[in-house]
1. Can you name the number of the only condition in (1) touching a residue at least 24 places away in the same chain (Cβ under 8 Å); (2) within 20 Å of A:Phe45 (Cβ to Cβ); (3) of a type outside the set (Ser, Thr, Tyr); (4) assigned to a strand (DSSP E or B) that B:Ala64 fails?
2. Considering every residue within the stretch A:32-51, establish whether at least one is more than 11 Å from chain B (Cβ to nearest Cβ), surrounded by 12 or more Cβ atoms within 10 Å (Cβ to Cβ) and either hydroxyl-bearing (Ser, Thr, Tyr) or out of contact with any helix residue (DSSP H, G or I) (no Cβ under 9 Å at 6 or more places or on another chain) (or both).
3. Can you tell me which of B:Arg61, B:Arg12 is surrounded by fewer than 15 Cβ atoms within 10 Å (Cβ to Cβ), under 15 Å from the mean Cα position of the chain (by Cα) and farther than 30 Å from A:Pro8 by Cβ?
4. Got at least one residue in the stretch B:41-52 being of a type in the set (S, T, N, Q) and within 14 Å of chain A (Cβ to nearest Cβ)?
5. Quick one: in the stretch B:18-40, which of the residues that are in a loop (DSSP other than H, G, I, E, B) and within 11 Å of another protein chain (Cβ to nearest Cβ) is nearest to the chain's Cα centre (by Cα)?
6. So the check is Cβ under 9 Å with 6+ separation or different chains; which pairs have a first residue in the stretch B:70-89 that's in contact (Cβ under 8 Å) with a residue 60 or more places away in the chain and assigned to a helix (DSSP H, G or I) and a second one that's surrounded by fewer than 22 Cβ atoms within 10 Å (Cβ to Cβ) and not aromatic (Phe, Trp, Tyr)?
7. Does the stretch B:7-17 contain at least one residue that is over 23 Å from A:Glu44 (Cα atoms), more than 14 Å from chain A (Cβ to nearest Cβ) and of a type in the set (Gly, Ala, Ser)?
Amino acid sequence: DTGVSQNPRHKITKRGQNVTFRCDPISEHNRLYWYRQTLGQGPEFLTYFQNEAQLEKSRLLSDRFSAERPKGSFSTLEIQRTEQGDSAMYLCASSFREGWTEAFFGQGTRLTVV
Amino acid sequence: EDQVTQSPEALRLQEGESSSLNCSYTVSGLRGLFWYRQDPGKGPEFLFTLYSAGEEKEKERLKATLTKKESFLHITAPKPEDSATYLCAVQTQRTGANSKLTFGKGITLSVRP
């Protein structure tokens, strides 16, 4: 297990289409975070899971966004009816212990909406 | 609302030319301040966590310091491989150890050989 895995790495979609991204955390990491990063900006928090429970959601996460983590393992982030403003890098991070010191980020999924 | 401001936005250094990156923060109760390195097209890589004013941490050519209002990332005798975007993030006391990090926009460092 070499780290947090995100798929796909790149996704180009037409405006109005639905897209789904997957994050596989490091084995036994029970905490999982989704962030979004646009060009020239720092990552912005979207949502957080502890095991299968979604414990916190940002107001940035509109009704078109939904995230799941069935069985507390991998997680998916779905965006419905994509808009050009959704174009960004979507980052996933996972951790086992409390706090961020032992959290690791994945390589991200870059979404381009045309 | 928690705020993190990083300056300058971009920094170009000659190899061996030491400098500092600044991170100013406004939070209601700091739990921790984090520094990350991010290479183009990759996720952030953890560098340091600082918890209280006066704390310092070092790793190779990097040294992070913390005051009550800001943090500095000092780079001593940088090399071209230090070129990256350096992100600062804060975590507040409000929601505990697993709460979100609030990031600054980052500082893009370029080190010329």
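The values are calculated or read from the model by the stated rules, or taken from the named source; none is laboratory data. On a predicted model such as this, the values are computed, not experimentally measured, just so you know. Neighbour counts run over all protein chains shown; Cβ positions are idealised from the backbone, glycine included.
1. It fails just one condition, (2).
2. No; the residues of the stretch A:32-51 include none that is more than 11 Å from chain B (Cβ to nearest Cβ), surrounded by 12 or more Cβ atoms within 10 Å (Cβ to Cβ) and either hydroxyl-bearing (Ser, Thr, Tyr) or out of contact with any helix residue (DSSP H, G or I) (no Cβ under 9 Å at 6 or more places or on another chain) (or both).
3. B:Arg61
4. Yes - at least one qualifying residue is present in the stretch B:41-52.
5. Out of the qualifying residues, it is B:Asp39.
6. What qualifies is B:Pro80/B:Glu15; B:Pro80/B:Ser110; B:Pro80/B:Val111; B:Pro80/B:Arg112; B:Pro80/B:Pro113.
7. Yes, the conditions are met somewhere in the stretch B:7-17.
For every residue, the table says whether it meets (1) surrounded by 16 or more Cβ atoms within 10 Å (Cβ to Cβ); (2) at pLDDT below 95.
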residue: A:Pro8; (1), (2): no, no
residue: A:Phe21; (1), (2): yes, no
residue: A:Glu56; (1), (2): yes, yes
residue: A:Leu60; (1), (2): no, yes
residue: A:Phe74; (1), (2): yes, no
residue: A:Ile79; (1), (2): yes, no
residue: A:Glu83; (1), (2): no, no
residue: A:Ser94; (1), (2): yes, yes
